[in-house]
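*Asks:* I have a structure I would like to understand better, so I am pasting it below and will then ask my questions one at a time.
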Amino acid sequence: WAQYQKVRLVYAAAEVKSLVVLALMFLYTNIAAYVGTSLTTSGRAAVFFYTQPLFLAILAPYFLPGDRVTLRKLCGLGLALCGLIGLFSPQWGSGVTTTVVGDGIVLSGALMTAFSSIATKRTAGRIHPVALICWQSLISCPALALLSWGFEAGRPFIFSPRAIASILYLGLISAAFGFVAFAWLIQRKPATRVAALTFLSPVFGVTYSWVLLDERLTPLQLLGVAGVCLGVYIVNSGGAPHLQPGPERVVASEGDTPARTPVSAVQKRL
């Protein structure tokens, strides 16, 4: 796709450094998500991992000028997180024995994802989103393969039609489209608003389970779905910030008479 779209994949040293850092963040996020989930319950892991928009909302004002934390955003994110807890309530205490270590590893992955979103935002205009995902995949694939060879030796590979279809879905739909779309959006829109959309991912997952796997949805889960959707709507429905009138500016080009922008009487006194 990069070749078809003529997307540049080779960059100068400064951009390569950013790409490598982002790829390492992506690698750690994958490791933390899977290793942490294996040490705790799936419900707790899902809730802890999707705290990333909260981390991003707290960190964004320090690293992304213009992305301010408002009471509306915090209320929306909090409501979505409460909905997420309700959504995964059946899996909250079932499955693997819960450990603080597993919860902490998953939570660290969420924090790393927030930093990765900030770094992706700061590459806007310099690195194409397709190039970002290409570099992350090129570095993560061999690293994860080596880790699998070292820590998962002896486990069989099952190349069933369902397994192949799952891998193709993860590669083509989730990564090639989903990650690129997320990177494209976060480079162009307020990071906190874009990150809030990730709350919808488990909503789609539960919906697919209901449609494809005949899993039942409890009233609490339905309430959780409503909470997530309403919270995401609250975060993304706020108006754009209004620009405050700035001081008088002089705009001139070589050989032209300087042109002045109109100013009010109060500004003139100031």
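The values are calculated or read from the model by the stated rules, or taken from the named source; none is laboratory data. Since we're looking at a predicted model, the values are computed, not measured. A quick note on method: Cβ atoms are made from the backbone with ideal geometry, for glycine too, and the neighbour counts reach across all protein chains shown. Heads up: the accessible areas ignore ligands, DNA and RNA and are worked out on the full protein's heavy atoms, side chains in. Shrake-Rupley method; radii C 1.70, N 1.55, O 1.52, S 1.80 Å.
*Asks:* Could you look at the stretch 1-97 and say what percent of its accessible area is carbon and sulfur, using a 1.4 Å probe and all protein chains?
*Replies:* 69 percent
*Asks:* Kindly rank 78-85, 123-130 from highest to lowest mean number of other beta carbons found within 10 Å of each residue. Intermediate values should be presented prior to the final figure.
*Replies:* Working: 78-85: 20.5, 123-130: 17.1.
Ranking the peptides 78-85, 123-130 by packing returns 78-85, 123-130.
*Asks:* Which whole-number value in Å² is the accessible area per residue of the stretch 85-174, probe 1.4 Å?
*Replies:* For the stretch 85-174, the per-residue accessible area is 62 Å².
*Asks:* To continue, here is another question. Using the Karplus equation 6.51 cos²θ - 1.76 cosθ + 1.60 (θ = phi - 60°), what ³J(HN,Hα) coupling, rounded to whole Hz, does each residue of the stretch 220-229 give in order, writing x for Gly and Pro?
*Replies:* 5, 5, 4, 5, x, 4, 5, x, 4, 4
*Asks:* In addition: Ranked from highest to lowest mean number of other Cβ atoms within 10 Å per residue, what is the order of the peptides 12-18, 52-58? List each step's numbers first, then the result.
*Replies:* On the way: 12-18: 11.6, 52-58: 23.0.
So the peptides 12-18, 52-58, ranked by packing, come out 52-58, 12-18.
*Asks:* Sticking with this structure for a sec: Go through the stretch 100-200 and name the chymotrypsin sites (Phe, Trp or Tyr not before Pro) that are in a DSSP coil and have 11 or fewer other Cβ atoms within 10 Å of their Cβ.
*Replies:* Working: sites: 115, 135, 149, 151, 157, 159, 169, 177, 179, 182, 184, 199; in loops: 157, 159.
In loop regions of the stretch 100-200 (DSSP not H, G, I, E or B), the sparsely surrounded chymotrypsin sites (Phe, Trp or Tyr not before Pro) are 157, 159.
*Asks:* Could you give me the ³J(HN,Hα) list for the stretch 16-32, computed from phi with Karplus coefficients 6.51, -1.76, 1.60 and θ = phi - 60°, whole Hz, x at Gly and Pro?
*Replies:* For the stretch 16-32, the Karplus-derived couplings read 4, 4, 5, 5, 5, 4, 5, 5, 5, 4, 4, 4, 5, 4, 4, 4, 5 Hz, x marking Gly and Pro.
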